[in-house]
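Peer 1: Before I ask anything, let me first share the structure, which is written out below as structure tokens.
What follows draws every value from the coordinates through simple rules; no lab data is involved. Computed from a predicted model, the values in this text were never measured in an experiment.
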Amino acid sequence: MDTMDTMDIENSIKKKIYNYTHEDILDFISKFNEHGQDVINCFTSGCCYWFASILSERFSADKNISIYYDPIPGHFCYRDPVTQKFYDITGEYTPTESALTWLTLVTDDQKWGLRLFIADVMLL
């Protein structure tokens, strides 16, 4: 396979990844919810970072700017760069005004970011 073929394949993949809608994201989320309340409980009671990470990997692949931490409820969510909406395991999510990107969190207050990483992300 030559370089041009590889570039064509990469562009085709990128087009498929970024050619989605709000409904596509909700459909993706609903596939998890089909497995019952235990799945919803899992991603709303300590594993919310991981679900935000799944959405980021599937739809934007840039965790630094698409994963947000909402400090008032202590909840991680995903902000989609295409739809400009926030999502978690329950579907569309409405964050508080205090929500900030993961990158901002770990850059501005490294100790807080580290504590969150240990407590919420590593589940210790």
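Peer 1: Tell me, what does the Kirkwood hydrodynamic radius of region 20-66 come to in angstroms if you use every pair of distinct C-alpha atoms?
Peer 2: Mean inverse Cα-Cα distance, inverted, gives 11.3 Å.
Peer 1: Run the numbers for T21 and T107: contour at 0.36 nm per residue of separation, minus the present Cα-Cα distance, in nm.
Peer 2: Separation in residues times 0.36 nm, less the Cα-Cα distance, equals 27.9 nm.
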